Amino acid sequence: MSKKMRQDQGQQEISLLSVTRRQFLKQMGIVGGGIFVYFNVGNLDAWSLTKREGFLNAKIPTDFNAFLRVGTDGKISCFTGKIEMGQGAITSLPQMLAEELDVSYDAVNLVMGDTDLCPWDVGTFGSLSIRHFGIVLREAASEAKGVLKELAGDILKQPAIDLGTRDGFVYVKATPAQKVSYAQLTQGKIIEKHLDTPPLKPHTEYAIMGKSMLHQDARDKVTGKAKYAGDIRLPGMLYAAILRPPAHGAELKNLDLSGAKQMEDVLVIEDGDLIAVLHPFPDKAKKALAKIKAEYTTPETGLDHDTIFDHLQAVAPVGKTTSSAGDLETGRGMAAHSLEETYLNSYVAHAPMEPHTAVASFENGKCTVWASTQTPFSTRDRIAAVLNLKPEMVRMITPFVGGGFGGKGEPGNQAVEAARLAKIVGKPVQVAWSREEEFFYDTFRPAAIVKIKSGIDAGGKIVYWDNTVYFAGEGGSAPIYDIPHSRTVIRGEWRQNDPGSHPFAVGPWRAPANNTNTYAQELQIHMLAAKAGMDPLAFRLHNLKDQRMIGVLEAAAKQFGWGSTKSADGRGYGISCGIDTGTYVAHMAEVEVDKNTGKIKVKRVVCAQDMGFVVNPQGAKIQMEGCITMGLGYALAEEIHFKNGKIFDLNFDSYQLPRFSWLPEIETVLVDNKDLPPQGGGEPAIVGMGAVLACAVFDATGAKVLQLPMTSERVKKALATI
Amino acid sequence: MPESIRFTLNAKPVTITAEGDRNLLSVLRTDLGLTGPKFGCGEGICGSCTILLNNEPVRSCQMKVKDVEGASIVTIEGLAKDGALHPLQNAFIAHDALQCGYCTPGMILTAHGFLSHTPNPTREETIAAMEDNLCRCGAHKRIVEAIQDAAKTMKGGQAS
Ligand code: FES
Ligand code: FES
């Protein structure tokens with residue numbers, strides 16, 4: 001037995017484990033044995049550690065982070081704090097595991113987002129699941145395979161080197177009929193293994209990774225069986241309806257609960273700021289809520305969806321320079337043409353079709369919460385803090401999540417509300433936000449301003465680029481072109497609500513910062529190309545050095561047939577280049593603009609993406625299509641209107657999501673780059689949607705639409721200034 | 001006042017005792033324990049709560065339970081026959097026409113109603129029919145393809 005592997009029989013071994021781990025194994029029902037692999041990344045070399053550095057610098061912790069079990073039935077279980085919200089991790093993670101372990105895809109069972117069964121995890125966002133967690137997962141699988149081979153060596157009387165693995169068996173390479181199954185090998189043994197850095201299969205040997213797989217959860221989802229948080233029903237459960245203020249910053253002045261209290265079977269709860277009515281039926285709880293009389297004073301901030309941009313610039317922190325090259329003064333001296341523009345982007349909502357929902361229940365002092373969340377562990381900790389419980393006395397279970405897009409991370413208020421109410425009433429409670437609550441309490445993508453000053457020389461080379469970003473954040477702000485003199489200054493982040501900046505909560509929205517930054521930069525580039533009198537594709541290629549970017553741009557151009565046809569009147573072609581979560585992406589689009597109404601019709605969108613090795617090509621394409629379709633929304637229509645803390649868009653009547661009739665022809669291209677480990681796939685293809693359409697509108701009409709979304713009014717206004 | 005209301009739910013007769021003005025979606029999801037019809041907007045805008053009422057898609061969040069007295073209701077749970085999925089369900093799986101899946105029951109049932117009137121739809125007709133069903137994940141392209149494909153399989157609406 002090599003390395004730190006410990007093998008033992010039963011109890012004796014378990015007593016050596018730490019308390020948490022011992023509990024853990026108990027929860028797993030270890031009877032009968034199995035191989036367990038912990039991902040302990042504490043003693044890895046620096047390079048391996050950087051691989052694991054995640055979003056917001058959150059590192060995958062040095063304690064075990066995921067947990068893999070080769071069961072005595074030969075089935076592989078993987079316990080991960082990641083959750084499934086439509087991005088397809090439920091399909092691609094088992095693919096990776098099956099590949100490294102040499103078992104069939106069907107032999108892998110994934111347990112997701114359960115804080116009692118799964119080790120700590122930072123959360124599901126930033127396209128991290130495959131990019132970071134996936135590597136660790138494969139290493140664990142490879143480690144487990146090593147253990148299995150050593151065990152088999154004893155039985156088959158062969159050194160591990162002469163053994164191969166296939167389909168859940170270890171066999172002797174020279175005489176393949178001599179074999180032993182994983183199930184036999186793990187029988188009666190409990191083996192604990194900490195992870196070193198075992199070798200991973202080279203992509204040339206992949207049989208399962210790289211294959212298109214249908215969504216594993218599809219059957220349950222087309223039959224209505226798939227359970228989301230709102231589908232959890234417990235005996236005696238009550239549904240809560242919660243009193244909400246009419247505006248952010250409003251204060252409760254008068255409250256009359258008598259109307260609700262008179263209703264049959266209605267429980268009225270007043271717990272500090274939480275005022276709720278509960279009933280065994282949700283519609284009745286809602287009716288009871290309507291009986292509550294509450295008066296509020298609302299603040300006069302003077303802030304609305306128009307004045308917010310001046311306000312944000314006035315209160316922006318000094319900021320930090322996040323990238324720079326050369327000397328701007330020198331660059332300005334070299335310029336033959338200059339272009340200075342200011343771009344605005346509006347608040348947008350996440351608007352998942354499933355509103356925030358949670359069910360909480362107490363049993364023997366332990367609180368179990370089923371919630372639609374992207375961050376089960378931090379939500380658990382928050383509930384524990386609010387209820388003054390130890391974290392292990394709170395268990396979060398994450399059923400299917402009906403869309404997240406960054407909006408179902410922290411703070412997890414609906415879960416906290418359910419837990420508070422369940423504790424007070426001593427019965428299970430479901431809190432399911434209405435669509436109005438969902439909009440009101442959303443952590444919007446922040447409104448933002450980007451100011452770019454730039455110039456080109458007589459030969460069409462960009463010579464300086466001076467970029468200041470207010471409140472969008474850093475993602476996608478560094479210039480992707482080869483510019484000798486440049487500077488990027490970030491003033492205000494997307495995630496932190498600097499006091500006095502946004503009038504409500506803001507947070508991560510699919511590809512944080514990047515949608516805004518790419519829109520501003522690429523429209524600027526398109527307009528610079530016009531100043532240079534160059535074709536916008538030629539201009540980009542002329543100014544690019546990065547080979548991966550050139551690769552995706554050329555792939556998009558080839559698919560699109562760039563340059564082969566001249567755009568007809570009112571029609572235009574756009575381009576966008578972007579980088580997100582390690583993935584390179586280029587868009588090309590054709591739009592038709594009605595110059596009288598200002599209405600934009602998107603005819604066609606081509607998107608080429610280099611995301612390194614592609615685990616599930618079909619899954620990757622679905623994410624790209626989803627990004628393109630969702631991106632039509634923030635580009636053309638989605639915008640939160642508000643005044644004095646009151647949100648005017650509270651449902652889908654005024655807040656327009658992309659609809660079937662908006663659907664352009666969508667073509668996606670995956671650029672082959674097998675040697676690079678898998679990169680992000682859940683969000684890159686959305687970053688260029690504002691940009692590519694704004695560039696296409698500029699191409700079609702000459703109108704510079706300097707604010708997203710490009711509503712008909714804004715397009716008409718821009719047309720009028722030509 | 002609670003009253004006794006009878007209807008057929010997924011081919012089985014049911015009787016419930018409830019105030020007639022109770023919200024139908026709530027009754028289906030709580031009193032009757034279904035999980036297929038989903039709450040999305042509560043205002044009849046998104047289509048997540050779609051059910052078939054006498055074979056026509058309706059938005060259950062906009063209905064009162066007394067409105068279905070004597071009617072036949074089919075939810076997504078009742079679409080498969082004897083364990084065999086409906087061609088629309090198969091097509092949604094085959095085309096991977098879903099991501100988070102929350103809009104899926106409503107999409108399938110809306111398409112079901114549409115195909116029963118328009119067995120050989122053009123792409124444009126399908127798009128128009130689905131216009132008022134919302135999907136935030138952006139599965140639209142594949143949903144359209146799945147419906148077109150299911151229509152072919154159903155060859156003029158035989159399987160229903
Ligand atoms: S929930 Fe009924 S239409 Fe949206
Ligand atoms: S698949 Fe998520 S809303 Fe349609």
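The values are calculated or read from the model by the stated rules, or taken from the named source; none is laboratory data. Note that the structure is predicted; figures quoted are calculated from it, not measured. Reconstructed Cβ throughout: ideal geometry from the backbone, glycine too, with neighbour counts over all protein chains shown. Areas reflect the complete protein model, heavy atoms only, side chains present, ligands, DNA and RNA absent. Shrake-Rupley method; radii C 1.70, N 1.55, O 1.52, S 1.80 Å.
Here is a yes/no grid of residues against (1) under 15 Å from the mean Cα position of the chain (by Cα); (2) assigned by TED's automatic domain parsing to the domain that holds B:Gly44; (3) within 8 Å of ligand 2 (Cβ to nearest atom); (4) not in a loop (DSSP other than H, G, I, E, B):
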residue: B:Gln99; (1), (2), (3), (4): no, no, yes, no
residue: B:Pro105; (1), (2), (3), (4): yes, no, no, yes
residue: B:Ala111; (1), (2), (3), (4): yes, no, no, yes
residue: B:Phe114; (1), (2), (3), (4): yes, no, no, yes
residue: B:Asn133; (1), (2), (3), (4): yes, no, no, no
residue: B:Cys137; (1), (2), (3), (4): no, no, yes, no
residue: B:Lys141; (1), (2), (3), (4): no, no, no, yes
residue: B:Glu145; (1), (2), (3), (4): no, no, no, yes
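Taking strands (runs of 3 or more DSSP E) that do not extend beyond region A:315-418, which have at least 2 residues that are β-branched (Val, Ile, Thr) and under 17 Å from A:Cys118 (Cβ atoms)?
Answer list for region A:315-418: A:366-371, A:394-397.
Inside region B:70-111, residues that are more than 10 Å from every other protein chain (Cβ to nearest Cβ), charged (D, E, K, R) and touching a residue at least 12 places away in the same chain (Cβ under 8 Å) make up a count of 0.
For region B:48-88, name all the residues that are more than 16 Å from ligand 2 (Cβ to nearest atom), over 23 Å from B:Glu3 (Cβ atoms) and assigned to a helix (DSSP H, G or I). Residues satisfying the conditions are B:Glu77, B:Gly78, B:Pro87.
Touching a strand residue (DSSP E or B) at 6+ places or on another chain (Cβ under 7 Å) and within 16 Å of ligand 2 (Cβ to nearest atom): does that describe B:Thr15? For B:Thr15, the condition - touching a strand residue (DSSP E or B) at 6+ places or on another chain (Cβ under 7 Å) and within 16 Å of ligand 2 (Cβ to nearest atom) - is not met.
When A:Gly473 is tested against (1) part of a loop (DSSP other than H, G, I, E, B); (2) in contact (Cβ under 8 Å) with a residue 60 or more places away in the chain; (3) open to solvent by less than 10 Å² (accessible area, probe 1.4 Å), just one condition goes unmet, and that condition is (2).
Return yes when B:Leu52 is within 29 Å of A:Asp649 (Cβ to Cβ), open to solvent by less than 20 Å² (accessible area, probe 1.4 Å) and either modelled with pLDDT under 95 or more than 9 Å from every other protein chain (Cβ to nearest Cβ) (or both) and no when it is not. Break it down into steps so the answer makes sense when it comes.
Numbers: within 29 Å of A:Asp649 (Cβ to Cβ): no; open to solvent by less than 20 Å² (accessible area, probe 1.4 Å): yes; either modelled with pLDDT under 95 or more than 9 Å from every other protein chain (Cβ to nearest Cβ) (or both): yes.
Taking the combined requirement at face value, the residue does not satisfy it.
Screening region A:123-145 for residues that are assigned to a loop (DSSP other than H, G, I, E, B) and modelled with pLDDT under 75 and picking the one that is most open to solvent (accessible area, probe 1.4 Å) gives A:Ser127.
Of all residues in region A:644-668 being more than 14 Å from chain B (Cβ to nearest Cβ) and either surrounded by fewer than 18 Cβ atoms within 10 Å (Cβ to Cβ) or modelled with pLDDT under 95 (or both), which is farthest from ligand 1 (Cβ to nearest atom)? Let's see the steps before the verdict.
Filtering region A:644-668 down to residues more than 14 Å from chain B (Cβ to nearest Cβ) leaves A:644-648.
Retained after the next criterion (residues that are either surrounded by fewer than 18 Cβ atoms within 10 Å (Cβ to Cβ) or modelled with pLDDT under 95 (or both)): A:644, A:648.
Working: A:Asn644: 29, A:Phe648: 19 Å.
Applying the filter and picking the extreme gives A:Asn644.
Regarding B:Asp82, is this residue of a type in the set (D, E, K, R) and either open to solvent by less than 30 Å² (accessible area, probe 1.4 Å) or modelled with pLDDT under 95 (or both)? Talk me through it step by step, then tell me what you get.
On the way: of a type in the set (D, E, K, R): yes; either open to solvent by less than 30 Å² (accessible area, probe 1.4 Å) or modelled with pLDDT under 95 (or both): yes.
Taking the combined requirement at face value, the residue satisfies it.
Checked against the criteria, B:Ser116 does not count as over 24 Å from A:Ile622 (Cβ atoms), open to solvent by less than 10 Å² (accessible area, probe 1.4 Å), of a type in the set (S, T, N, Q) and more than 9 Å from chain A (Cβ to nearest Cβ). Before we move on, is B:Ala128 in a helix (DSSP H, G or I), among the hydrophobic types (A, V, I, L, M, F, W, C) and open to solvent by 40 Å² or more (accessible area, probe 1.4 Å)? Yes.
Scanning region A:87-108 for residues that are away from chain B (no Cβ under 14 Å) and under 19 Å from A:Pro677 (Cα atoms) yields a count of 9. From the residues in region B:27-48 that are open to solvent by 10 Å² or more (accessible area, probe 1.4 Å) and charged (D, E, K, R), which one is nearest to the other protein chains (Cβ to nearest Cβ)? Per the criteria, the residue is B:Glu43.
On the basis of being without any contact (Cβ under 8 Å) to a residue 40 or more places away in the chain, away from ligand 1 (no atom under 11 Å from the Cβ), farther than 18 Å from B:Met107 by Cβ and hydrophobic (A, V, I, L, M, F, W, C), does B:Val65 make the cut? For B:Val65, the condition - without any contact (Cβ under 8 Å) to a residue 40 or more places away in the chain, away from ligand 1 (no atom under 11 Å from the Cβ), farther than 18 Å from B:Met107 by Cβ and hydrophobic (A, V, I, L, M, F, W, C) - is not met. Scanning region A:393-408 for residues that are of a type outside the set (Lys, Arg) and either within 14 Å of chain B (Cβ to nearest Cβ) or open to solvent by 10 Å² or more (accessible area, probe 1.4 Å) (or both) yields A:Met393, A:Ile397, A:Thr398, A:Pro399, A:Phe400, A:Val401, A:Gly402, A:Gly403, A:Gly404, A:Phe405, A:Gly406, A:Gly407.
Out of the residues in region A:417-449 that are of a type in the set (D, E, K, R) and within 16 Å of ligand 1 (Cβ to nearest atom), state the one that is nearest to the chain's Cα centre (by Cα). This residue is A:Glu438. Taking the condition within 14 Å of ligand 1 (Cβ to nearest atom), under 25 Å from A:Glu437 (Cα atoms) and under 13 Å from the mean Cα position of the chain (by Cα), does B:Arg29 pass? No. Residue by residue through region A:445-463, note down the ones that are surrounded by fewer than 23 Cβ atoms within 10 Å (Cβ to Cβ) and either of a type outside the set (A, V, I, L, M) or under 20 Å from A:Ala285 (Cα atoms) (or both). Within region A:445-463, A:Lys451, A:Lys453, A:Asp457, A:Gly459, A:Gly460, A:Lys461 qualify. As a summary of the residue check, B:Asp21 satisfies the conditions (1) within 11 Å of chain A (Cβ to nearest Cβ); (2) open to solvent by 30 Å² or more (accessible area, probe 1.4 Å); (3) farther than 14 Å from A:Asp283 by Cβ; (4) in a loop (DSSP other than H, G, I, E, B) except for the one numbered (3).
Report yes if some residue within region A:289-307 is among the small types (Gly, Ala, Ser) and under 15 Å from A:Lys643 (Cβ atoms); otherwise report no. Yes: region A:289-307 contains one or more residues that are among the small types (Gly, Ala, Ser) and under 15 Å from A:Lys643 (Cβ atoms).
Given A:Ile647, A:Ile722, A:Ile640, which one is of a type outside the set (Gly, Ala, Ser), without any contact (Cβ under 8 Å) to a residue 40 or more places away in the chain and farther than 21 Å from B:Arg142 by Cβ?
Working: A:Ile647 fails: without any contact (Cβ under 8 Å) to a residue 40 or more places away in the chain; A:Ile640 fails: without any contact (Cβ under 8 Å) to a residue 40 or more places away in the chain.
Exactly one residue qualifies, and that residue is A:Ile722.
Looking only at residues that are in contact with an Asp or Glu (Cβ under 7 Å, 6 or more places away or on another chain) and more than 20 Å from A:Val506 (Cβ to Cβ) in region A:334-358, which one is surrounded by the most Cβ atoms within 10 Å (Cβ to Cβ)? By that ranking, first place goes to A:Ala335.
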